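First up is the structure itself, then whatever we jot down about it.
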Amino acid sequence: MDWHMDIIEKDIIIIGAGPSGLVCAIEAARQNMNFLILEKGLLVNSIYNFPTNMTFFSTSEVLEIGDIPFISHTDKPTRKEALEYYRRIATAHNLDIRYRQTVQSVEKQHFKFEIKTQNQTYHCQYLIVATGYYDTPNLLQVKGEELPKVKHYYDDAHRYIGQNIAVVGAANSACDVALETYHKGSHVTMIIKEDSLYEKVKYWIKPNIENRIKEGSIKALFNSQIKEILPDKIVVSTPDGEQILDNDYVLAMTGYRPDYAFLKSIGILLDPDTKAPQHKEDSLESNIPQLYVAGVILAGDHTSQLFIENTRHHGQQIISDIKHKISADYA
Ligand SMILES: Cc1cc2nc3c(=O)[nH]c(=O)nc-3n(C[C@H](O)[C@H](O)[C@H](O)COP(=O)(O)OP(=O)(O)OC[C@H]3O[C@@H](n4cnc5c(N)ncnc54)[C@H](O)[C@@H]3O)c2cc1C
């Protein structure tokens, strides 16, 4: 048997079926290009794994892609509405998405990329990496972090009712989680490395959390860090010395980062300070010719700077560059 029979060939392969991967695919389809998306999980896998009752901080119009209106019940959509919206996008544009395809390696041979997932090899001329950051949490790096009671992802409050929980972090997610679990009856202590909440906590969350802390319903330890996690306690270093607190769950809302090891394995160079993938401003082509980077991955460590709303034009930038290169090849 000729082993080449098994290889799937496309002009463009997009890694990641998040909003950015979808935008790239829609633009490629508009230009009648031959493409597919490889997704390791589900459609908009990161959004699927967001907190169950989450409401976006962006209004629905700025999350719209592919010229399809995003109708939500209030100005800011919920996770559930976003899942339905992006499902409609994928079906309305009839996008070719191959699920459960985790890209494990990418090699460039001559002018083509060879992409391997766990069970399939693909070849393409142009590759777009739109893998986001939500799969790689920033770890606390303390003893006991591997215990099952430590969560780097929050689903909903029910599991935590009546229990002692420590919420680590001071940004939007930590404040949201502290408020939601407190309102459902958890005993919440926030452990905050800095001397205050993150200054950019959204204006509709900030007064609520500040007042809960002021009245003592939510305890906050500032300038403090977890030193060790034990099955039913945590050890916290505070300005007043070490404290040992009763603890059932640690919710580490300490942010996420792109999978740098994956990017480096492909050969993408990272900025030494920000770890943003090296790329051309106009085309988003990386240091590797014909390989593009799209979406929030471009922020490197500064994940709070890029969102759906300020990355949804990436597809147009990339596909117009590819179109230009293809026409130059035929000229
Ligand atoms: C809790 C939270 C709330 C947010 N709220 C907002 C908001 O209100 N407004 C806003 O504009 N932005 C928001 N963001 C930020 C950002 O817009 C979203 O994270 C968005 O999902 C990023 O889109 P993306 O397509 O760049 O990446 P992602 O949506 O993360 O998509 C990446 C995709 O790549 C897949 N993938 C990763 N590695 C591989 C691999 N090796 N092989 C195959 N597939 C792979 C993943 O499974 C995933 O589906 C929020 C982020 C978080 C964490």
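Nothing in this text is a laboratory measurement; each read-out follows from the coordinates by a stated rule. A quick note: this is a predicted structure, and the numbers were derived from the prediction, not measured. Virtual Cβ from ideal backbone geometry, glycine too; neighbours counted across all protein chains shown.
Quick rundown of the values:
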{"read-out": "Along the chain, longest interval not containing exposed GluC sites (Glu not before Pro), exposed being DSSP loop plus at most 12 other Cβ atoms within 10 Å", "value": "1-145"}
{"read-out": "Mean Cα-pair separation over length for the chain, i.e. relative contact order, pairs under 8 Å, 6 or more apart, %", "value": "20 percent"}
{"read-out": "Spatially proximal aspartates and glutamates relative to Lys227 (Cα-Cα < 20 Å; intrachain offsets below 8 disregarded)", "value": "Glu145, Glu146, Glu194, Asp195, Asp240, Glu242, Asp246, Asp248"}
{"read-out": "Computed FRET value (nearest 0.05) for Ile244 with His302, which takes r as the C-beta separation and R₀ as 30 Å", "value": "0.30"}
{"read-out": "Residue-count net charge about Glu61 - beta-carbon cut-off 15 Å; Lys, Arg +1, Asp, Glu -1", "value": "-3"}
{"read-out": "Lysines with Cα under 22 Å of Lys10, excluding same-chain neighbours fewer than 8 positions away", "value": "Lys40, Lys108, Lys112, Lys116, Lys323, Lys325"}
{"read-out": "Prolate/oblate/rounded label for the range 150-252 (Cα gyration tensor, a/c 1.5)", "value": "oblate"}
{"read-out": "DSSP-assigned coil residues among chymotrypsin sites (Phe, Trp or Tyr not before Pro) in the range 184-218, each with at most 14 further Cβ atoms within 10 Å", "value": "Tyr203, Trp204"}
{"read-out": "Anisotropy class of the chain from Cα gyration tensor, a/c 1.5 cut", "value": "prolate"}
{"read-out": "Förster-model FRET efficiency, 35 Å R0, Asn53 and Tyr330, C-beta, rounded to 0.05", "value": "0.10"}
{"read-out": "Of the trypsin sites (Lys or Arg not before Pro) in the range 91-129, those whose Cβ has at most 14 other Cβ within 10 Å and which sit in DSSP loop", "value": "Arg100"}
{"read-out": "The chain, helix-only ellipticity at 222 nm - DSSP H runs n ≥ 4, -39,500 (n - 2.57), divided by all residues, nearest 500", "value": "-7000 deg cm²/dmol"}
{"read-out": "Distance from the range 271-331 to the range 83-135 (C-alpha centre basis), Å", "value": "16 Å"}
{"read-out": "17 Å Cα-Cα reach of Lys264 towards aspartates and glutamates, excluding residues that sit fewer than 8 places from it in its own chain", "value": "Glu107, Glu114, Asp135, Asp273, Glu285, Asp301"}
{"read-out": "Lys, Arg +1 and Asp, Glu -1 on Cβ, resulting dipole of the chain about Cα centre, debye, nearest 20", "value": "360 debye"}
{"read-out": "Least to most buried among Met253, Met54 (fewest other Cβ within 10 Å first)", "value": "Met54, Met253"}
{"read-out": "Overall form of the range 10-141 per C-alpha gyration tensor (a/c, 1.5; a/b vs b/c)", "value": "oblate"}
{"read-out": "Violating pairs (Cα-Cα greater than 30 angstrom) within the set Lys219/Lys275; Lys149/Lys219; Lys80/Lys184; Lys143/Lys206", "value": "Lys219/Lys275; Lys143/Lys206"}
